[in-house]
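Reviewing the structure listed below.
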Amino acid sequence: MSDNSQVFLAADLGASSGRVVAGLFDGSQLSLEEVYRFDNGGVVAAGRMQWDLLNQWQHILRGLRAAGGLYSGRVASVGVDTWGVDFALLGRNDELLGNPYHYRDQRTAGIFDAAFTIVPREEIFAATGLQFMEFNTLYQLLAMKLQNSPLLEMAESLLLMPDLFHWLLTGIKANEFSNASTTQFYDPTSRSWARELLGRFGLPTEILGQLAQPGTLLGPIQSGVADDTNLAGVEVILPGTHDTASAVAAVPAASKPGERPDWCYISSGTWSLMGVETPEPIITPRCYELNFTNEGGIGGTTRVLKNITGLWLVQECRRNWKQSGREYGWEELIRRAGETPPLLSLVNPDDPLFIAPKDMPAAICDYCARTGQIVPQSEGAVIRAALESLALRYRMVLGYLEELIGGQINTIHIVGGGTQNRLLCQMTADATNRRVVAGPVEATAIGNLMMQAVARGAIGSIAEAREVIRHSFAVQVYKPKLPQAWADAYSRFERLVAG
């Protein structure tokens with residue numbers, strides 16, 4: 001890339017790691033340079049799981065400082081994306097009220113019983129179109145209310161995680177649309193906060209701020225941060241701040257405006273987010289029954305999708321084995337899984353048993369024993385069971401998506417870190433009997449960077465951005481094999497999920 005390339009910076013935070021990535025754009029192609037990476041995760045203290053906000057902020061500053069040194073005078077803008085639902089509260093004089101809670105904290109366990117007594121489940125879905133997950137922001141706030149949290153009483157502003165970092169960068173508070181849509185108190189039909197719903201729960205509505213669309217120029221980096229990072233005059237631009245919104249923006253697919261796309265996406269990482277991009281939300285009885293969600297996308301689109309427990313099962317197995325002195329690299333685990341006989345043991349990845357077990361390999365083996373299956377006897381067999389089950393779950397959700405949009409999906413685009421798991425990608429093609437296109441790996445950062453480029457006028461539209469992505473990053477195509485064996489396994493999988 002030429003030294004004349006424009007430089008955009010993405011601070012991309014996931015549940016297990018974060019990084020600052022530079023995107024160098026020469027007018028036709030984008031290249032990436034990872035400037036800084038750090039570990040991320042929840043911290044348990046006094047029985048609560050929270051995010052170490054100040055540590056995260058220090059890491060972001062270090063990344064921006066490194067970028068300011070590398071690309072002095074060339075950085076056009078910066079934007080932050082993170083996971084959804086989690087938030088911080090600010091009180092009087094914008095005082096930060098404690099560390100944000102982690103979505104896996106147990107304070108919302110069993111919250112549905114209390115919530116649906118106040119507002120029936122069907123009415124919550126009608127108002128929000130969102131899937132029901134106990135850690136949605138709505139239930140986190142309700143848990144605070146039920147536990148008489150003094151923080152909720154003192155709160156004057158609610159900032160979701162990327163909003164919080166954008167506020168720290170600029171001093172400006174805004175609630176970005178795509179992440180707001182994960183809260184379960186956003187109305188995708190009116191495209192506004194579902195304030196009436198919050199009022200019925202007795203939750204404060206005055207803490208909600210102005211909604212801002214992806215591509216909004218929020219303002220320049222404030223002076224103290226700019227002096228520290230050598231980024232004076234650099235604009236902060238809101239990307240799709242929900243990481244899946246940015247990842248979907250980077251899907252290298254071509255479809256004409258107004259046409260129903262014949263492709264779906266899987267944003268593959270700790271979670272697998274599988275869905276379609278539609279011009280309008282799908283809020284129907286069947287969508288409610290299937291527990292799909294309508295979340296905000298780029299360019300005013302809606303992401304109709306389902307959360308699937310993704311590589312969390314494999315990540316936790318690896319972590320448990322490491323704790324017991326058996327440390328395996330990812331490639332070693334995948335090699336062992338590939339050498340194991342196929343389709344012997346299956347699990348439902350979304351079974352509550354796998355949300356946060358102390359010993360994931362034991363949980364997988366216990367599930368197989370309880371359901372009368374062959375119990376995996378090796379690390380490779382455990383990993384193979386997890387990956388095959390995940391691929392079969394994709395097949396199930398694919399069928400639901402085709403039902404919801406009323407047409408066939410011919411191509412599955414997998415983006416994100418999971419694209420590096422070639423075994424899972426091939427299993428996905430096999431299980432679904434569909435063509436799978438895997439890549440780009442760094443989809444979330446790419447979508448973040450491309451939204452900034454569009455906002456700055458370097459690219460004309462999201463469609464043009466996807467064309468740039470197709471020309472800039474290689475993809476891998478997988479074609480299905482052995483459809484009958486996988487069809488037989490799917491019948492077994494359906495019985496497990498139904499049971």
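Listing for the model above:
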| quantity | calculated |
| --- | --- |
| Residue check, V468 aliphatic (A, V, I, L, M) and surrounded by fewer than 20 Cβ atoms within 10 Å (Cβ to Cβ) | no |
| Filtered residue count, the stretch 227-275, keeping only those that are in contact with a strand residue (DSSP E or B) (Cβ under 8 Å, 6 or more places away or on another chain), under 23 Å from G418 (Cβ atoms) and surrounded by 24 or more Cβ atoms within 10 Å (Cβ to Cβ) | 21 |
| Flag for G219 being surrounded by fewer than 24 Cβ atoms within 10 Å (Cβ to Cβ) and without any contact (Cβ under 8 Å) to a residue 12 or more places away in the chain | no |
| Residue satisfying all of: in the stretch 284-314; at pLDDT 95 or above and out of contact with any strand residue (DSSP E or B) (no Cβ under 8 Å at 6 or more places or on another chain); surrounded by the most Cβ atoms within 10 Å (Cβ to Cβ) among these | L313 |
| Count of residues meeting criterion [out of contact with any helix residue (DSSP H, G or I) (no Cβ under 7 Å at 6 or more places or on another chain), not basic (K, R) and not in a helix (DSSP H, G or I)] in the stretch 82-131 | 12 |
| Filtered residue count, the stretch 465-499, keeping only those that are assigned to a loop (DSSP other than H, G, I, E, B) and either aliphatic (A, V, I, L, M) or within 17 Å of V347 (Cα to Cα) (or both) | 4 |
| Unmet requirement for P342, which otherwise passes all of (1) at pLDDT below 95; (2) in a loop (DSSP other than H, G, I, E, B); (3) more than 23 Å from G14 (Cβ to Cβ) | (1) |
| One residue from A67, A114 being at negative phi and without any contact (Cβ under 8 Å) to a residue 40 or more places away in the chain | A114 |
| Scan of the stretch 151-204 for residues that are crowded, with 18+ Cβ neighbours inside 10 Å and either among the small types (G, A, S) or on the phi > 0 side of the Ramachandran plot (or both), ordered by number | A155, S157, A174, S178, A180, S181, Q184, A194 |
| Selection status of R65, touching a Lys or Arg at 6+ places or on another chain (Cβ under 6 Å) and either closer than 27 Å to A247 by Cα or crowded, with 20+ Cβ neighbours inside 10 Å (or both) | no |
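The values are calculated or read from the model by the stated rules, or taken from the named source; none is laboratory data. In this text, all values refer to a predicted model and were calculated from it rather than measured experimentally. Please note: Cβ atoms are built from the backbone with ideal geometry, for glycine as well, and neighbour counts cover all protein chains shown.
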